[in-house]
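Please read the structure below before turning to the comments.
The values are calculated or read from the model by the stated rules, or taken from the named source; none is laboratory data. Here the structure is a predicted model, which means the values were calculated and not measured. Please note: Cβ atoms are built from the backbone with ideal geometry, for glycine as well, and neighbour counts cover all protein chains shown.
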Amino acid sequence: MTNPADLERLVHIIIEELAGASIAVSRCCDCHGLLSECCPDRLRGVLQAGATRLGLHATGGGAGDVASMIDHTLLKPDASRAEIEALCREALEFGFATVCINPVWVALCARLLRGGAPRIDRRARVCSVVGFPLGATTCDVKHYETRRAIFDGAEEIDMVINIGALKSGDVRLVERDIESVTAPCREAGVISKVIIEAAFLTDDEKITACTLAKAAAADFVKTSTGFGPGGATAADVALMRRVVGEEMGVKAAGGVRDLGSLTAMVAAGATRIGASAGVRIVQESRGQKTAGAGSAY
């Protein structure tokens with residue numbers, strides 16, 4: 001339970017972030033409406049010139065292949081076992097950061113990824129979702145769902161915040177909601193990502209959500225579930241990056257279907273991308289012929 005002193009501290013942080021964001025908006029580029037240092041054109045020209053690697057500040061830092069920042073995603077409700085198995089094979093072949101799947105598939109994916117013979121040095125991890133896609137479950141349920149996913153083999157958790165509580169101004173409930181997931185993740189050494197579902201929020205609410213996620217020691221903030229009214233935008237990513245600073249990751253998800261979209265998100269400050277079109281994006285970055293299109297996420 002948040003005590004009054006902690007709540008007052010959070011309110012002061014939120015007020016400071018709102019003030020900082022207002023100042024930053026005045027220094028936008030003319031072409032995209034982003035901060036000049038976040039303009040997508042800064043990286044697009046480099047990639048078009050033939051670069052296949054980007055310098056990233058994702059968890060762990062350092063330069064990495066485009067694939068290593070993609071959560072290879074399959075969250076549709078009718079996904080079959082064969083499709084999940086194919087997802088894992090692609091993750092091992094291309095070197096994606098994770099496979100992002102619904103909780104029912106965690107144990108299977110953990111077995112497949114740990115028992116596979118990848119052609120890369122680093123094994124893909126298992127990422128699962130909590131409170132997905134609405135975020136409208138109680139804190140204790142999200143806490144249990146997180147612990148169960150970790151027990152089954154998840155190494156990263158993407159949780160959806162209580163959007164209704166945030167829209168109602170119930171900061172305490174949103175803080176407890178996020179902490180119910182980040183606390184078990186910290187105990188288990190698992191990465192936590194907080195989905196704010198930006199398309200439902202005002203800029204002030206986005207700032208509040210990111211500030212609460214940072215206060216709860218989440219590892220990432222994430223733009224979208226891919227099931228809401230809109231997906232990732234470069235403007236939202238840039239705003240989220242300004243709020244959380246350099247010490248947290250920012251994941252862009254929803255509508256990132258090609259290398260150009262990924263480039264814009266990275267330029268705006270994203271360090272992880274959620275996409276079901278990961279194979280296409282990687283092949284495009286390597287100058288290969290694009291395979292069949294993946295479904296939108």
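Observations
- 2 or more residues of a type in the set (S, T, N, Q): qualifying helices (runs of 4 or more DSSP H) within segment 191-297: 203-215, 259-268, 278-285
- Taken over segment 82-112, residues that are touching a Ser or Thr at 6+ places or on another chain (Cβ under 9 Å), surrounded by 21 or more Cβ atoms within 10 Å (Cβ to Cβ) and in a helix (DSSP H, G or I) amount to 5.
- Hits in segment 145-162 - residues which are of a type outside the set (A, V, I, L, M, F, W, C), within 10 Å of V126 (Cβ to Cβ) and in contact with a strand residue (DSSP E or B) (Cβ under 7 Å, 6 or more places away or on another chain): G153, E155, E156
- Within segment 53-81, residues that are of a type in the set (D, E) and assigned to a strand (DSSP E or B) have Cβ atoms under 6 Å from residues that are at pLDDT 80 or above and surrounded by 11 or more Cβ atoms within 10 Å (Cβ to Cβ) in these pairs: D71/A97; D71/T98; D71/C100; D71/C127; D71/G274, counting only partners at least 6 apart in sequence or on another chain.
- K251 under 30 Å from A110 (Cβ atoms) and surrounded by 21 or more Cβ atoms within 10 Å (Cβ to Cβ): yes
- Contacts under 6 angstrom Cβ, first residue in segment 199-211 being over 13 Å from V221 (Cα atoms), partner hydrophobic (A, V, I, L, M, F, W, C) and modelled with pLDDT of 95 or more, 6 or more apart: F200/I163; E205/L166
- Of residues in segment 108-163 being among the hydrophobic types (A, V, I, L, M, F, W, C) and touching a Gly at 6+ places or on another chain (Cβ under 6 Å), the one modelled with the lowest pLDDT: I120
- Tally of residues being more than 16 Å from I195 (Cβ to Cβ) and of a type outside the set (D, E) across segment 142-155: 7
- Looking across V181, V126, one residue alone is among the hydrophobic types (A, V, I, L, M, F, W, C), touching an Asp or Glu at 6+ places or on another chain (Cβ under 9 Å) and not in a helix (DSSP H, G or I). It is V126.
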